[in-house]
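Single-structure report; data block below.
Every read-out reported here was derived from the displayed coordinates using simple, explicitly stated rules and does not represent laboratory data. Every value quoted in this text rests on a predicted model; they were computed, and no experiment measured them. Backbone-built Cβ (ideal geometry, glycine too); neighbour counts: all protein chains shown.
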Amino acid sequence: MYEAELKELGLTENEIKVYLILLENGILNPSHIAQKTGLHRSYVYDTLERLIDRGIINTVLVNNKKHYQPVDPKALRQSFELKLMKIDEILPKLSGLFKSTQEETKVELHKGKRVYRTLIKDLTANLKKNDVVYLLGADEKILETVEPIYLKQYLTIIKNKNVKERIIVRKGTKKLKEKNIEYKELDKQYFDETTIVIHQNKTYIFIWGNPYHLIVIENKKVASTYLKQFDLLWDIAK
């Protein structure tokens, strides 16, 4: 009788047994409660204390001996209303903590002949002094053909801001003679038709083809994952 409902409200099996016995019988001492519930008296005392804490039973003296009685069952509702009030009080702070740990992920997809220009514009807009940019699979010869003016502007910007580039390229690929750019080579088997650029919390995936595609992912964890992969390849590259 009502055991399932009371259990859903958070009462334990022992609490339910004792509470229902008190509702049915009124005032009882611990010995009688133990007899009627079949619980050991030590369990009965523990359970009674928890029910008192919940505010749904109280004590009464009968012949100078402690007995227990239920309060109006409406106290159950009041007990949960008090808990809800406490939750409402701390909810704004809890929500603030939750939001502070949730990093928003932004994903953009660009397509067309000018996506490399989009990459350069976005990258340079976020560059700070002494930053490091990591590139995997870059092909300087193609870039000079696709966007020569923007490439030149980009190289000037990173030079002025003392930005370093670490680039892993296919063996035999053209390299620019810039002091702030460090190259390493890998066999072509490590590459496909993509260039990956990692800077701060952004990862740019440039897909060569017709048309060109650019995927921009803004997420610190994603960038960190790609950077770890880059570091592994950098260690084996020459």
Worksheet item: Taking only Cα atoms, what is the 0 to 90° angle, nearest 10, from helix 74-101's long axis to the longest principal axis of the chain?
Response: 10
Worksheet item: Stokes-Einstein D for region 106-236 at 20 °C, 1.002 mPa s, Kirkwood Rh over Cα pairs, in µm²/s?
Response: 144
Worksheet item: In the chain, with Lys and Arg counted as +1 and Asp and Glu as -1 at Cβ, which of these residues, Tyr2, Asn64, His213, has the Cα nearest the positive end of the dipole, that is, farthest along it?
Response: His213
Worksheet, complete the sentence: Rounded to the nearest 10 degrees, the helix 148-160 long axis (Cα) sits at an angle to the longest Cα principal axis of the chain of 70
Worksheet entry | the chain - Rg (one decimal) and Dmax (whole number), Cα, Å | 34.7, 101
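Residue separation times 0.36 nm, minus the C-alpha to C-alpha distance between Val107 and Lys86: what's the value?
Net length gain for the segment: 3.7 nm.
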Fill in: region 4-140: C-alpha pair distances exceeding 17 Å, %
73
Item to complete: Report, to the nearest 10°, how far helix 115-126 tilts away from the longest principal axis of the Cα atoms in the chain, using its own Cα long axis and a range of 0 to 90°.
Response: 60
Worksheet item: Taking other Cβ within 10 Å of each residue's Cβ, how do Arg170, Arg41 sort, fewest first?
Response: Arg41, Arg170
Worksheet entry | region 63-202, dipole about Cα centre (Lys/Arg Cβ +1, Asp/Glu Cβ -1), debye to the nearest 20 | 300
Worksheet item: For region 5-27, list residues with backbone N below 15 Å from a point placed 7 Å from the Cα of Asn58 toward its Cβ?
Response: 27
Worksheet item: Compactness ratio of region 3-71: Cα Rg over 2.2 N^0.38 Å, N = residue count?
Response: 1.01
Response to the item:
CD proxy, 222 nm, the chain: helix-only mean residue ellipticity via -39,500 (n - 2.57) per DSSP H run with n ≥ 4, per residue, nearest 500, stands at -15500 deg cm²/dmol
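Could you give the size of the charge dipole of the chain about its Cα centre, using +1 on the Cβ of each K and R and -1 on the Cβ of each D and E, expressed in debye and rounded to the nearest 20?
1260
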